[in-house]
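Visitor: There's a structure below that I have some questions on.
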Amino acid sequence: MHDANTKNGLFTPGNIITAIILAVGAVITFIRFTQGIGAVTNLSDNNPWGIWIGFDLLCGVALAAGGYVTSASCYLFGMKRYHSAVRPAITTAFLGYFFVVVALHYDLGHPLRLPYPLVYSQGTTSLLFEVGLCVATYLTVLFVEWSPAALEWLGLRKIRNVVVKLTLMLTIFGVVLSTLHQSSLGALFLIAPGKLHPLWYSSFLPVFFFISSMVAGLSMVIFEGTLAHAGLHHKMDETHLKEAEGVVFGFGKAASFVLAGYFFIKTMDIAMDNDWAYLATGYGAWFLVEMFGFVALPSFLYALGVRERNMTLVRVASIFAVLGIVVNRFNVSLIAFNWNLPAADRYFPHWMEIGVSVFIVTLIITVYRFIATRMPVLYEHPEYKDAH
Amino acid sequence: MNRRRFLTLLGTAGVSTAMSAVGAKQAVAAGNQSFKGYKDSYGVLHDTTRCIGCRKCEQGCNEVNKLPAPKVKFDDLTVLEKSRRTDANNWTVVNKYNVAGLEHPVFRKQQCNHCLEPACASACFVKAFTKNPDGSVTYDGSLCVGCRYCMVACPFNVPAFQYDEPFDPLIQKCTMCHPRLQEGKLPGCVEACPKEALTFGKREDLVRIARDRIRSNPGRYQDHIYGELEMGGTAWMYVSGAPFEAVGQQEMGTKSAPEYTAGALGSVPMVVGIWPVLLTGAYAISKRKEKVAAEEREEAVQAALAKAKADAETAMNSALAKAAKEKDAAVTREVKKAIEQAEQAFEEKFAALRAEGQDTPPDAGGEGKEDA
């Protein structure tokens, strides 16, 4: 963006589109906070959660799993060859979580009371309490994990060195907290067995959400890498470029295996609950689309891509896997939720709800570009080489 | 509420591992007990065979709770043609069901069922809901964050939200007229019902009354009290002539809401406890591997160096030996050559002497050897 600006001025097509989205987002934000949730959403008493939860929260948190997946493989499992992937992954994870919390303010009736469950009245029997506690703590952990990039940029060597010493502990915290809240997002729906279609309802929902978050994390690192190479190639140092291929194939291989395991446990679940008969219904067809089109297919494409050393194929697989996460979270929270209500009582998002989600995603990309063009994210700071 | 207490403890165990001695005792006690509701708590029995769909209960509710005046008057029964649910301004609604096999329609009133172990209270992350000893489930709006998880959790689709209120939107639902019960009055709807389709009383008595009605009126009722066991039991219960499914009451199972989430909540402290151990183990293994690899590399280097040194020594020694041997060979060769030369010289001399005369001494060969 920085380079583009100096060359073509501010009015590049990308910047114009960004500006329009941000302007529309600002208008919707104004309406939301002056007229109420009802003015900008299609939410109803039967459908209290829409895409602000289904996409912004559930997909946002899952797709920000790259942070814990990458830092764990590098620092805990000793895969040092992924080191250059850690900073971009931590940066996107931090931004992802930060904007999940921002987006949540649109959905909450009393956004200013968001700290209540933490500091004022703890509802410890609620899975949502656990999600809130873990997300708040993990956002703090991610901020500290990410801060060396900013501290190096600002030249605050001393604090930076202290923070870097905490890496191992923070990584372990990150994995514990991610395990808990990724799974708890699935566990949120355990309390509504009568509302969620049996093909998706399972006492193993927390396990499914946690395992699929690994797929989301691995795939997002590959997918974001594709985007970053397209837009920020000039910001990457030799180490990053040299390791990039290894990251794509290594993560692709891991994702292929995890997807295969996920397919297997989902199938076992259908067997355990004896839900086979539902497969012959309309919902069953849609379930099969999810399982074969967005779980089995990306697993196969990843395997093929890694075997043939075909970078493009692995990247295509990552798109399918990421879409698969979105499809799954939409199914659990929206499409298969309230499945027994008549069509007239079902939910479809208002365009302004979609507008807010697009606005939030655009904000994440804009802030990421701001950070990646200024701070040592895609390259190592020359003064701190070998130091981490 | 032992189980709730137990879950609370499990939940907090993840945050602070300290369990008070009292808490631990209660938690142990919860292991083999089930909560069956507060003793002597109240409830209402709705007999749908008596309900005529007059909407007087809706009006009574509206009046005692001072809810906004309805758009359509309560004596207008045409609203019954459309299926309705409770919303922010209507805490109770009556629906009409045309049931196959019955010539008359069936009416059923809908409101909060005041579960013995409420899903909404279990789901609320700020404890805005309270199950009171009188049986009612009430809500404190001053705590509410407006997340609407209670609406997701409620199996009966009861809580409603003020979507059009921009600054203080709250959940709205029937309170079983908790404030009126405190004053010794009946709930507004029960008081307004002209047909005694609603019976207020202690829940235990209501179960007995319901059983009695089913037994003493053969053929009039389904042999089931909806709410006696559904979702762990509810304070409001129903008896019906039509199958419950046909009047919009789906099968629920008898597990209370917290039972569905207890496992997931209970695993939190387990993860907090064991994950750091496993992960530190993984880290230690990878570190150890690195160390062993480094040591092995070092050893290999040392071995290679030692071997190279040994090889060099052997080569040197053999070269030296070879040199010594060559030197010896050269000496021998030279000696041999000298002897040969001496012998030849002697022969020549001897021959010359023979040719000249017989006076040469015989030890001339010895002299030749010394020369060499």
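Visitor: Sort by residue number and name the cysteines in chain B that have no neighbouring cysteine Cβ under 4.7 Å.
Guide: B:Cys51, B:Cys54, B:Cys61, B:Cys115, B:Cys124, B:Cys144, B:Cys147, B:Cys154, B:Cys177, B:Cys193
Visitor: Using alpha-carbon positions, what is the distance between the centroids of segment A:44-59 and segment B:180-203, in Å?
Guide: So the two Cα centres are separated by 37 Å.
Visitor: Subtract the Cα-Cα distance of B:Lys73 and B:Val292 from 0.36 nm times their separation in residues, and report this length gain in nm to one decimal.
Guide: Going from the current span to full extension adds 70.4 nm.
Visitor: Taking the Cα centre of segment A:1-156 as origin and charging only Cβ (+1 Lys, Arg; -1 Asp, Glu), how large is the dipole, in debye to the nearest 20?
Guide: Value, rounded to 20: 280 debye.
Visitor: What residues qualify as long-range amide H neighbours of B:Cys115, i.e. H under 5 Å apart, gap of 5 or more or another chain, H built at 1.01 Å from N?
Guide: Residues meeting the criterion, in which the H sits 1.01 Å from N, are B:Ala235.
Visitor: Hey, another quick one. What's the FRET efficiency of B:His104 with A:Ala343 using the Cβ-Cβ distance as r and R₀ = 35 Å, to the nearest 0.05?
Guide: FRET efficiency, B:His104 to A:Ala343: 0.75.
Visitor: A:Phe300 versus B:Glu356, label points 7 Å from Cα toward the beta carbon: distance in nm?
Guide: Label-label distance for A:Phe300 and B:Glu356, simple model: 11.6 nm.
Visitor: While we're here: Taking loop as defined by DSSP and a crowding limit of 13 other beta carbons within 10 Å, which GluC sites (Glu not before Pro) in segment B:210-270 fit?
Guide: Here the GluC sites (Glu not before Pro) that fit, given the DSSP loop and packing criteria, are B:Glu251.
Visitor: Under a 10 Å cutoff between Cα atoms, tell me which one of A:Asp45, A:Asp237, A:Asp107 has the largest fluctuation in the Gaussian network model of chain A.
Guide: Per the Cα network of chain A with a 10 Å cutoff, A:Asp45 tops the list.
Visitor: Next up: So for chain A, if I pair up every lysine 8 or more residues apart or on another chain, how many of those pairs have alpha-carbons under 17 Å apart?
Guide: 9
Visitor: Picking from A:Leu142, A:Pro298, A:Leu259, whose Cα lies most toward the positive end of the charge dipole for the protein assembly as shown (charges on Cβ: Lys, Arg +1; Asp, Glu -1)?
Guide: Farthest towards the positive end: A:Leu142.
Visitor: Now a separate question. Could you give the distance between the Cα centres of segment B:140-168 and segment B:45-113, to the whole Å?
Guide: What the calculation gives is 22 Å, centre to centre.
Visitor: Partner chain Cβ atoms within 10 Å, averaged over the residues of B:86-92 - can you pull that number for me?
Guide: 1
Visitor: How many Cβ atoms of partner chains, on average, are near each residue of A:127-135 if near means within 10 Å of its Cβ?
Guide: Averaged over the peptide's residues, the number is 6.
Visitor: Starting from the amide H of A:His350, placed 1.01 Å from N in the peptide plane, find each other amide H under 5 Å away whose residue is 5 or more places distant or on another chain.
Guide: A:Asn42
Visitor: Sort out for me the Cα centre separation of segment A:268-293 from segment B:329-356, rounded to whole Å.
Guide: 113 Å
Visitor: I would also like to ask the following. Among A:242-248, A:324-330, how do they line up by average Cβ neighbours within 10 Å per residue, starting with the highest?
Guide: In descending order of packing, they fall as A:324-330, A:242-248.
Visitor: Average partner chain C-beta neighbours within 10 Å, per residue of B:163-170?
Guide: For peptide B:163-170, the averaged partner shielding equals 6.
Visitor: A further question follows. Output ³J(HN,Hα) for segment A:242-253: one whole-Hz value per residue in order, computed from phi by the Karplus curve 6.51 cos²θ - 1.76 cosθ + 1.60 with θ = phi - 60°, and x for Gly and Pro.
Guide: 5, 7, 4, 4, x, 4, 4, 6, x, 5, x, 5
Visitor: Cα to Cα, under 30 Å, and not fewer than 8 places away if on the same chain: which lysines meet these conditions relative to B:Lys202?
Guide: Straight-line reach from B:Lys202, under 30 Å: B:Lys36, B:Lys39, B:Lys56, B:Lys66, B:Lys96, B:Lys109, B:Lys127, B:Lys131, B:Lys173, B:Lys185, B:Lys255.
Visitor: Let me ask another. Helix A:351-374 versus the longest principal axis of chain A: what angle, 0 to 90°, nearest 10, using Cα atoms?
Guide: 20 degrees
Visitor: Could you work out how far apart the two model spin labels at B:Glu299 and B:Arg211 are, taking each label as a point 7 Å from the Cα in the direction of the beta carbon, and quote it in nm?
Guide: Between B:Glu299 and B:Arg211, the label points sit 7.8 nm apart.
Visitor: Along the Cα→Cβ direction, 7 angstrom out, place labels at A:Leu10 and B:Met316. What is the inter-label distance in nm?
Guide: Once both label points are built, they end up 7.9 nm from each other.
Bear in mind that the values in this text are calculations on the coordinates, not laboratory data. Given the structure is predicted, the values throughout are model-derived calculations rather than measurements. In this analysis, Cβ positions are derived from the backbone assuming ideal geometry, glycine residues included, and neighbour counts consider all displayed protein chains.
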